[in-house]
Amino acid sequence: MNKKMKKFLFADIFLLVFLFLLSSTDFFVRERKTEIIRIAVLTDAPAGRQLENFRAGVTKAAAEWNVDVSFSGLADMRTGEEKRAAIQRELDTGCRGIVLQCGDSRHAEEALESVPVGVPVVLYDSEADSARVRARIGGNAEEESRLLAEAVLTGRERGESVTIVETPQKSWYMEQLHGLLEERLRQAGVLVRRVSLGETAAAETLMKGMAAQGGNILVSGDISVLQALGEANTEGIPVFGAGFSGAVRGLLEEGAVCGTVVHRDYEAGYLAVEEAARILQGKGAAEETVVVESVLVSAETLRDKNVESVVFPYI
């Protein structure tokens with residue numbers, strides 16, 4: 001073996017040793033790992049188009065902000081303690097941020113008691129007096145009450161009164177919406193009263209009574225009540241409300257519901273996760289309070305581009 005061949009042999013051996021060291025240790029090159037942050041989204045919203053849109057926005061933001069999201073339903077939980085237990089389960093499995101939608105503000109505050117101060121909470125369409133809340137996302141009750149009042153006044157005949165139908169357990173946002181709507185209508189000279197509907201099954205009895213009395217317009221910001229009123233509306237009573245679902249769409253097309261106010265749930269879902277991700281990544285919340293746009297949906301506007309972008313945002 002001549003000297004030249006020996007040099008090539010030693011070079012090959014050196015290269016093999018170098019490559020072995022390079023592949024077996026991070027001494028030369030350290031791989032940078034991207035941390036995946038886990039955010040828990042908990043909501044007591046009923047199943048339907050709005051919840052689907054919200055979840056679609058959550059999923060979109062999770063992908064873009066490189067976070068892992070778990071989604072839990074609270075609709076069947078009747079107490080704050082049950083909701084607090086649901087949040088605790090998420091914390092026990094490594095959740096570092098929370099997006100919470102809870103209609104009852106007392107339940108929301110009770111549920112957040114177990115959350116460590118270092119875990120940021122973003123509220124969606126909810127209210128809670130808690131130091132853990134870093135941002136709030138939701139509709140604008142002032143704007144939605146204006147849209148509803150304008151729709152009612154436009155469709156109202158002279159002398160017709162308005163009955164606001166609500167459930168005994170109203171959410172914080174519902175109380176705001178109904179209160180503002182009542183104030184606007186009274187200022188316009190309309191006789192307004194409130195009726196509590198213990199269960200949606202009683203909607204048929206209510207509708208028959210209203211039809212016999214005559215001269216009534218019914219309004220409800222609760223989507224389950226709105227849907228029940230529409231389904232029981234065989235007398236052609238004007239019905240307005242808030243919220244959207246496949247059933248409500250059918251009722252609009254049939255004329256059983258005249259109009260409903262809907263806000264951009266897809267955008268709300270996206271922004272809620274984005275705000276939580278920004279905080280956890282050390283960038284801080286973009287805004288402490290974010291208001292999403294609302295539109296009035298009727299049979300005539302269902303296929304308008306602006307309305308379609310709200311009720312079918314990802315199609």
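The values are calculated or read from the model by the stated rules, or taken from the named source; none is laboratory data. Fair warning: this is a prediction, and the values are worked out from it, not measured in the lab. Here the Cβ is made from the backbone with ideal geometry for all residues, glycine too, and neighbour counts use every protein chain on show. For accessibility, only protein heavy atoms count, side chains too; no ligands or nucleic acids. Shrake-Rupley method; radii C 1.70, N 1.55, O 1.52, S 1.80 Å.
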Study note, to complete from the structure: Of (1) of a type in the set (Val, Ile, Thr); (2) over 24 Å from Asn53 (Cα atoms); (3) surrounded by 16 or more Cβ atoms within 10 Å (Cβ to Cβ), Val133 satisfies every one except (2)
Exercise for review: Would you mind stating whether Glu183 is open to solvent by 40 Å² or more (accessible area, probe 1.4 Å), in a helix (DSSP H, G or I) and closer than 21 Å to Val261 by Cα?
Suggested key: yes
Revision key, fill the gap. Scanning region 107-161 residue by residue, the ones that are part of a strand (DSSP E or B) and within 24 Å of Leu271 (Cα to Cα) total 10
Review point. List the pairs whose first member sits in region 280-309 and is closer than 20 Å to Glu254 by Cβ, whose second member is of a type in the set (Gly, Ala, Ser), and whose Cβ atoms are under 7 Å apart, counting only residues at least 6 apart or on separate chains?
Key: Leu296/Ala151; Leu296/Gly259; Val297/Gly259; Ser298/Gly259; Ala299/Gly255
Review point. Taking strands (runs of 3 or more DSSP E) that do not extend beyond region 32-106, which have at least 1 residues that are open to solvent by 20 Å² or more (accessible area, probe 1.4 Å) and small (Gly, Ala, Ser)?
Key: 67-73
